[in-house]
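This report refers to the structure that appears directly beneath it.
The values are calculated or read from the model by the stated rules, or taken from the named source; none is laboratory data. These figures come from a predicted structure and were not determined experimentally. Cβ placement follows ideal geometry from the backbone for every residue including glycine, while neighbour counts extend to all protein chains displayed. Surface accessibility is based on the protein's heavy atoms, side chains included, excluding ligands, DNA and RNA. Shrake-Rupley method; radii C 1.70, N 1.55, O 1.52, S 1.80 Å.
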Amino acid sequence: MSGAMHGTSLTKKSPYQRLAQHMEDVSGDNGVLKEVVRSGTGSTVPADASVAVNYSAYLEYSDKPFGTNCSRNPRRLMKIGEDITLLGLEIALMSMKKREVARFLFRPDYAYGSMGCPPLIPPNATILFEVELLDFLDTAESDEFFKLSLVEREAFPLDKIIKAAGTEREFGNHLFRQKQYYDAKDRYKRACFILDQKYYSGTEKERVDSARLLVFLNLSLTYFKLDHPTRALVYGERALGIDERNPKALFRCGQACFALMEYEKARDYLIRAQREQPFNQDINNELKKLAGCC
């Protein structure tokens, strides 16, 4: 008898109510419930992060999402609390790890509230979100740096300077991989700006120069992709000013000079690069192309 009654009560539950029975409470009040579909790796998303996600949002009894970004390409990085302002989604993302896939149920007060969002979302709607966390960047140090006055930046600790610049560079790398070269260039420039705030000496200068070298190499390649070989050469030479035998910098300078039809300079840079990496196919192929032009 009790089993029959239990079965009857289950049939009265809505699909989202049945799903909720097997989900984890991540908000502490059952307002945001979670089911992991695929586990992620590493640490969870911090509060100040920018995230790249795939998501689809559903109303109960509907198989078609009322909102999704899965048809858009590329995925841009969105900042929690600025680009992402739905409370339930903020909490959901901060429970996730990189590459994780999860389903979430958001109670109305964590979603669109008592008013809903007509005509798509009715009042007091519980919302299902399916989310894949592709990537995230912790931008806390970078955000903090750009809020400081000039005097405060002078006193900003070197460890935070390096981390803030590294974050901007990683942001640029994400944009570069999406072939958004102009935006990537701007992020790399922000990294340079952070590293150029004051004069360094000794071991501090070595640390800053190591960070600058990576950014200069990124900028050289990005300007080459933007068809600005003159600027590509400038940043390649800046990289060589830090490490005169760096094969990537030598190669970038060789490519830039080749594009500028400065063939002797291109050959000099490429031969120097070849000395450092004799079996590098890109360097050897560039030298073969150059030989056909001379």
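When the inverse distances between all different Cα atoms of the stretch 88-219 are averaged and flipped, the Kirkwood radius reads 17.5 angstrom. The charge dipole of the stretch 123-208, taken about its Cα centre with unit charges on the Cβ atoms of Lys, Arg (+1), Asp and Glu (-1) only, comes to about 400 debye. Counting protein heavy atoms only, the chain has 51 percent of its accessible area on carbon and sulfur, 1.4 angstrom probe. The slack in the chain from residue 147 to residue 244, taken as 0.36 nm per residue of separation less the alpha-carbon distance, amounts to 31.4 nm.
Is the shape of the chain best called rounded, prolate or oblate, per the rule: a/c under 1.5 gives rounded, else a/b larger than b/c gives prolate, else oblate, with a ≥ b ≥ c the square roots of the Cα gyration tensor eigenvalues? Verdict is prolate for the chain.
Which of the three applies to the stretch 245-292, rounded, prolate or oblate, going by the alpha-carbon gyration tensor with a ≥ b ≥ c and a/c under 1.5 meaning rounded?
Working: a/c = 1.96, a/b = 1.33, b/c = 1.48.
Cα axes put the stretch 245-292 in the oblate bin.
Assign unit charges at the C-beta atoms only (+1 for Lys and Arg, -1 for Asp and Glu), then state the dipole size of the stretch 142-294 relative to its Cα centre in Debye, rounded to the nearest 20. Charge dipole, the stretch 142-294, about its Cα centre: 320 debye, nearest 20.
For the chain, the residue among 180, 202, 26 whose Cα projects farthest onto the positive side of the dipole built from Cβ charges is 180.
Short-range pairs are left out: with C-alpha atoms under 8 Å and at least six residues apart, the relative contact order of the chain is 12 percent. Within a straight-line Cα-Cα reach of under 22 Å, residue 205 can be paired with the following lysines, leaving aside sequence neighbours fewer than 8 residues apart in one chain: 160, 163, 189, 248. Per the Kirkwood formula applied to alpha carbons, the stretch 120-169 shows a radius of gyration over Rh ratio, Rg over Rh, of 1.33.
Each of 247, 292, 266 was scored by the projection of its Cα onto the charge dipole of the chain, and the greatest displacement toward the positive side belongs to 292; charges sit on the C-beta of Lys, Arg, Asp and Glu. Taking the 0 to 90 degree range and rounding to the nearest ten, how far is the long axis of helix 2-12 tilted relative to the main principal axis of the chain, both from C-alpha atoms? The angle comes out at about 60 degrees. Projecting the Cα atoms of 104, 88, 116 onto the charge dipole of the stretch 79-124 (Cβ charges, centred on the Cα centre) puts 104 farthest toward the positive pole. Each Lys and Arg Cβ is given +1 and each Asp and Glu Cβ -1; about its Cα centre, the chain then shows a dipole of about 820 debye. Ordering of 242-248, 190-196 by packing is 190-196, 242-248, highest average first (other Cβ atoms within 10 Å, averaged per residue). Overall dimensions of the stretch 136-192, expressed as equivalent-ellipsoid semi-axes from the Cα gyration tensor (√(5λ), whole Å, largest first), are 23, 11, 8. The Rg/Rh ratio of the stretch 225-274, with both radii computed over alpha carbons and Rh defined as the Kirkwood radius, is 0.94. Take every Cα pair under 8 Å whose residues are at least 6 apart in sequence, average their separation, divide by the length of the stretch 1-156, and the relative contact order is 28 percent. Taking a virtual spin label 7 Å from the Cα of residue 99 along the C-beta vector, which residues in the stretch 30-66 bring their backbone nitrogen under 11 Å of it? It comes to 39-42, nothing else. For residue 138, the solvent-accessible surface with a 1.4 Å probe is about 50 Å², rounded to the nearest 10.
So for the stretch 203-294, considering every pair of alpha-carbon atoms, how many percent are separated by more than 16 Å? Intermediate results must be reported in sequence, preceding the final value.
Working: 2099 of 4186 pairs.
Above the 16 Å cut-off, the stretch 203-294 has 50 percent of its Cα pairs.
Spatially, the stretch 234-294 and the stretch 152-197 are offset by 26 Å when compared through their Cα centroids.
Please compute the Kirkwood hydrodynamic radius of the stretch 31-135 from all pairs of different C-alpha atoms, in Å with one decimal. Please list the in-between numbers first.
Values: mean 1/r = 0.0719 Å⁻¹.
So the Kirkwood estimate lands at 13.9 Å.
Just need log10 I(q)/I(0) for the stretch 152-243 at q = 0.20 Å⁻¹, Debye formula, equal scatterers on the alpha-carbon atoms, no solvent, rounded to two decimals. Each listed q corresponds, in turn, to -0.90.
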